[in-house]
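In what follows, a structure is listed as structure tokens, so that the remarks can point back to it.
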Amino acid sequence: MDLPASIAVVILLPLLGVLANGLFATRPNLRDISTLVVAVMTFFAVLDIYMQIGNNTSNEVRAWEVVSGLSIAFRVEPLGLMFAMIASGLWIITHIYGVGYMRGGDESNQPRFFACFCVAISAVMGIALASNLFTLFLFYEILTISTYPLVAHKGTKEAIAGARTYLGILIGTSIALFLLAIVWTFAVAGTTDFTRGGILDGRIAGAFVPILLGLYVFGIGKAAILPFHKWLPAAMVAPTPVSALLHAVAVVKAGVFTILKVGIYIFGIDFLADTGASVWVMWLAAYSILAASIIALMQDNLKRRLAYSTVSQLAYVTLGMALASQMGALGGGLQIAMHAMGKITLFMCAGAIYVACHKTDISDMRGLGRVMPVTFGAFFIGALSIIGLPPLGGSWAKFALMLGAAEAEHLVIIGVLMVSSLLNVAYLMPIVVRGFMGAGGDKVVIKEAPFLCLLPLVLTAVGCFILFFYVDCLVDFLTPITLTGGLK
Amino acid sequence: MATLYEPALSLRDHLAILPVLLPLIGAPLIVIFGSRRTAFFIALTAFIGAFIACAALLLELRGGAPIVYYLGGWAPPAGIEYRVDAASGLVAFLIATIGMLVLPYAQVSLKREVELRHHSLIYACLLLCFSGLMGMVLTGDAFNVFVFLEISSLSAYVLIAQGAGQDKRALTAAYDYLIMGTIGATFFIIGLAFLYASTGTLNLADLGERIAQNTGNRSLNAGFVFIFVGLGLKIAIYPLHLWLPRAYTFAPSAVSVFLASTATKAALYVLVRFFFSVFQIEFLEHFQIISITLGLVGIMAMFSASFIAVFQRNLKRMLAYSSIAQIGYMVLGVAMLSQTGLTATLVHIFNHGITKAVLFMGAGALFLRAGSVFYDNLAGLGRRMPLTMGAMVLGFLSLIGVPGTAGFISKWILVQAAFERGLWWVAVLILLSSLLAVIYCWRAVELLYFAPNENNKIINNNIKEAPLMMLIPMWILALACVWFGLDTDLTIGFAGEAARTLIGGG
């Protein structure tokens, strides 16, 4: 297949899953297996693109011109390809988990659930491969809208209220701020193409640079920077597979991925460094990291605690962009991958606990680790990766970010990163400790979650190890994004 | 096109008059052959004919030159001229499309809402109203505009009053509209009299030339203000909008669909025509208070009407207030006095026309099944009518301006026009006001789709999906909302061309 065809396949293939869910709505086995086949095929289609161009940047593939200067177009570049690979790869795992979870919990409206999931994945692929801001924005909004029914899935008052917050903040910020920033960019630069080295240098100056950057940082609500983070805890009312794939990987990563893209390809790292426009964003991100960690400490609901932890970890990526240094950008890219693997493990563990014994509060989980050793073992590994301890993948991202901070001569940021790691220990470890050490209060016999729930979380826990040892591949792969001059 | 009139025999040469003539002939025929079934087919034939003529006009216009037609072979200024250019072609195409699609829809919805014996007269009024709107758009003669304005208005009053079968308040709503509309028409004709007195012509192109030579003439200024206020009433520019919410709320559903997506749009087109063809840009730039006022009332409409829409508990009323807000965006585009701004206005006329048609059609379908459009009675109804709901969600997304829908395109151009003029604060306000649209739209979606329906007495097992005759037009328009969000050849192509000729003095 040539590249345009491959790109079309990657974006359209997940939609086949919608069809499968529609046609086989009443035959659960056929439905879930065909969706799984679609997921596997999508992953291989992404791999196929990787085989074709490796970590080079492809030519632009223009699909459709909407208004002159404004077209739906795609371009493969390393950061986006990595994001597409993570999302499609973890989709397979989450789908298996989701089938186990939804059947185990006897949830209603499963065809609608899996169909919306497919649309969301298609939108993520569009975001990952977009070659200009308009295309990215289009898929960004599709992603928001297609995940709304997933958050509201249970249909209870609580779920509807959560979904309302979710949609309100994401659509609100994107229309009021993100769109404004895009039109502004288009008005001054005449294009919204992602270009190596940025498109704004010399076109905008003075106080407008930090203002425009602010519009992007706050407008991209999916990056959950404080104070626009409330949607993420609110979205935790969704079934756990949604929290796992979408609110630990796809949706939130789409946010920080967009921030990185804007920083690297719209502003340009050098332009940001020269103007110092991103310094205030760096402090904001640092504040976001610490504040969200402290809030996480106070949550007793496991999923809410993980959600605030995600808010904090996402700010690492924003921080990487705001450092405006090559190592910082690389660290941001690594953090996308590492945090995805670690956090999805944690969420799947939370879901497995819920399926096995319907417990959601950490204070109830005393002694649970002894009856569910696999789940709590995987949780332990995921937590270590999030904290950033070797030999787990998460450590490299922290390492690169610290180097980036040193490179940009912001030594305080190194301190912030260290304090944050300590806070991570403080809010993640007690869960494990309580699980294994505390005296079990329940008389009821509790068993591990079903096999379909356990297998995926073991796989991703192993993935955290693998990422540590093979990080050089990933670094080599991502290096081109830090180059500023040269080929477009 | 030849400038001299040559006797023409083929139908093709009469294209410009057909959209006005066919329905005008159809209306009396319906009255003569009274039966309901015949009436429907006469109306359908006239609408389809008008639609084909409008589509053909658009194709002819691709060549660039306007199509000129002398009524009865009499050349202006003595005779009446019909003049179709990019601007009028686009608006006429919108009206024709809506007209053709609303008719099959009306056939079903009227059965539920209006007594059978009135149906054929409603079709006749619908044809008259359609013919009037078409005439306003296609004619090149100022007095002719007034005549057609009155034809469309009078038939609209009757149409709105037909809602009385469901709710007696339709009568007072129609009466309100009658009073306001008549005042508007009176202002308009007084303004025309001023123009005629100072220039001695009523042909729009002629008027334009003579006014350009006559700047600073006080009676012209007076005429301008009269025309502005008169049309403002018909367009429902804030704060002259008071007739609109009640009229749209209490009219039969099919009538709401038709009027909401065409009537105010045609009047706005006339305003644009008078502003830019007759008075022209130099006059407007000189008379700056008008564009400033227009911009301010536009912004006020965007916020206050959207804000009121948020608190409505009646779906049709909510949509009506949203219309007033959307008209705010359109007049804001006019107030920018720039090509991009005017393009935004014309594109939004088209895009909002199809968007609102979908939504009012959806509201009518819900009424058909639930017998009410109050939020309390609609809770959870969307789950029973997924196809209606799907079309409505597309409509709501377009109303919000989500990318990939028609509404986004108009918003994009409007915001760009604001940046072009250096009015970045206006750009901010435009986007902030769309947040209000998010709130009022999503309130409705959430209610229809996710609200529990246990307490809703109206929902029982008999509630099914709306009939195909409603669903097909609704889905055609819903898909058009997506189509025109991706392919802007027709909308921006024609609107941009129109703005170029209108402002470039063409």
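The values are calculated or read from the model by the stated rules, or taken from the named source; none is laboratory data. Everything numeric here is computed off the predicted structure, so don't read it as measured data. Because the Cβ atoms are built from the backbone with ideal geometry, glycine has one as well, and the counts that use them run over all protein chains shown.
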Legend entry - the range B:486-506, subset among the small types (Gly, Ala, Ser) and under 18 Å from B:Met330 (Cβ atoms), residue farthest from the other protein chains (Cβ to nearest Cβ): B:Ala498
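From the list A:Ala163, A:Ala223, exactly one residue is buried (at least 24 other Cβ atoms within 10 Å of the Cβ), more than 10 Å from chain B (Cβ to nearest Cβ), touching a residue at least 60 places away in the same chain (Cβ under 8 Å) and small (Gly, Ala, Ser). Which is it?
A:Ala223
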Legend entry - The lone exception for A:Arg112 - which of (1) within 14 Å of chain B (Cβ to nearest Cβ); (2) crowded, with 20+ Cβ neighbours inside 10 Å; (3) among the charged types (D, E, K, R) it fails: (2)
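Of the residues in the range A:169-180, how many are without any contact (Cβ under 8 Å) to a residue 24 or more places away in the chain and surrounded by fewer than 23 Cβ atoms within 10 Å (Cβ to Cβ)? Let's see the steps before the verdict.
Quick first cut of the range A:169-180, residues without any contact (Cβ under 8 Å) to a residue 24 or more places away in the chain only: A:175.
Next, from what is left, pick out any that are surrounded by fewer than 23 Cβ atoms within 10 Å (Cβ to Cβ): none.
The number of residues fulfilling the criteria is 0.
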Legend entry - Which numbered condition A:Val76 fails, given (1) within 12 Å of another protein chain (Cβ to nearest Cβ); (2) among the hydrophobic types (A, V, I, L, M, F, W, C); (3) assigned to a loop (DSSP other than H, G, I, E, B): (1)
Inset, instruction - Restricting attention to helices (runs of 4 or more DSSP H) lying wholly within the range A:156-255, give those where 2 or more residues are closer than 29 Å to A:Ser71 by Cβ and at pLDDT 90 or above. - result: A:157-173, A:179-189, A:208-219
Inset, instruction - Tell me, yes or no, whether the range B:340-362 has at least one residue that is more than 16 Å from the chain's Cα centre (by Cα) and within 30 Å of B:Val445 (Cα to Cα). - result: yes
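Here's the yes/no breakdown for (1) on the phi > 0 side of the Ramachandran plot; (2) at the interface with chain A (Cβ under 9 Å from one of its Cβ atoms); (3) buried (at least 24 other Cβ atoms within 10 Å of the Cβ):
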{"position": "B:Asp376", "(1), (2), (3)": "no, no, no"}
{"position": "B:Gly380", "(1), (2), (3)": "yes, no, no"}
{"position": "B:Leu394", "(1), (2), (3)": "no, no, yes"}
{"position": "B:Ala417", "(1), (2), (3)": "no, no, yes"}
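Just to be sure, is A:Thr195 within 14 Å of another protein chain (Cβ to nearest Cβ) and surrounded by fewer than 21 Cβ atoms within 10 Å (Cβ to Cβ)? Let's see the steps before the verdict.
Values: within 14 Å of another protein chain (Cβ to nearest Cβ): no; surrounded by fewer than 21 Cβ atoms within 10 Å (Cβ to Cβ): yes.
Here the answer is no, as A:Thr195 does not meet what is asked.
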Inset, instruction - Give the range B:419-456 a look and list any residue that's in contact (Cβ under 8 Å) with a residue 60 or more places away in the chain, more than 11 Å from chain A (Cβ to nearest Cβ) and not β-branched (Val, Ile, Thr), or say none. - result: B:Leu423, B:Tyr440, B:Ala444, B:Leu448, B:Asn455, B:Asn456
Inset, instruction - Collect the residues in the range A:57-97 that are surrounded by fewer than 22 Cβ atoms within 10 Å (Cβ to Cβ), in contact with a strand residue (DSSP E or B) (Cβ under 6 Å, 6 or more places away or on another chain) and at pLDDT 85 or above, keeping them in residue-number order. - result: A:Ser71, A:Ile72, A:Ala73
Legend entry - Checklist (1) crowded, with 17+ Cβ neighbours inside 10 Å; (2) within 14 Å of another protein chain (Cβ to nearest Cβ) applied to A:Arg31, failing item: (2)
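Of the residues B:Thr293, B:Thr264, which is hydroxyl-bearing (Ser, Thr, Tyr), surrounded by fewer than 24 Cβ atoms within 10 Å (Cβ to Cβ) and modelled with pLDDT of 90 or more?
Numbers: B:Thr264 fails: surrounded by fewer than 24 Cβ atoms within 10 Å (Cβ to Cβ).
Just a single option satisfies the conditions, and that option is B:Thr293.
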Inset, instruction - Return only the number of the condition from (1) crowded, with 24+ Cβ neighbours inside 10 Å; (2) within 11 Å of chain B (Cβ to nearest Cβ); (3) polar (S, T, N, Q) that A:Thr156 does not satisfy. - result: (1)
